[in-house]
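The values are calculated or read from the model by the stated rules, or taken from the named source; none is laboratory data. Only a predicted model underlies this, so the values are computations on that prediction, with no experimental measurement involved. Reconstructed Cβ throughout: ideal geometry from the backbone, glycine too, with neighbour counts over all protein chains shown. Please note that ligands, DNA and RNA were not included when accessible areas were found on the heavy atoms of the full protein model with its side chains. Shrake-Rupley method; radii C 1.70, N 1.55, O 1.52, S 1.80 Å.
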Amino acid sequence: MTATSFKRIKQLALGLSLIGLAFQASAQTEVHDAWVRATVAGQPSTGAFMTVQADSDSTLLSVRSPVAKTVQIHQMSMKDDVMKMGMVESVALPAGKPVTFDPHGYHVMLIDLTAQVKEGDKVPLTLTVKNAKGEQETIEVQAEARALGTMDHSKMH
């Protein structure tokens, strides 16, 4: 192998490693198993659920969707044997730990729907996440609408 060939291989290896670092830096937050509860005609709101995992300490600041006039992050809690749901300003995403958004904890409320969400629809969601350095990241997700579930809202106040 000539010195020139060795130099080219070394440059190629350096270039590939830099591409790998750039990819790693851009893959800060991942969203898995995003879904939205399908609705019946005239239903004004629904919930969106997913698992979010950040590679560094981060915060989910907001969620937007064109299918709803208002989108809020909520949390379910039990107090004095009564289930309550309330809006939260943000959700902490500890580094490397998945945070689950489900019907019994954190979840996203899609309020004042613009149309019925039918089973099988793809619902666009845009998440805004800020890491500990103050850098914001926007994540586009296509959440699948799943059949009406069994969550009982009768105990909520």
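Counting only the Cα atoms, the range 33-145 fills a convex hull of 104 Å³ per residue.
Looking at the range 33-145 alone, DSSP beta bridges between its own residues are antiparallel in about 95 percent of cases. For Met76, the accessible area of its heavy atoms, probed at 1.4 Å with every protein chain present, is near 10 square angstrom. With r as the distance between the Cβ atoms of Val88 and Ala115 and R0 = 22 Å, compute the FRET efficiency 1/(1 + (r/R0)^6) and round to 0.05. So, using R0 = 22 Å, E works out to roughly 0.25.
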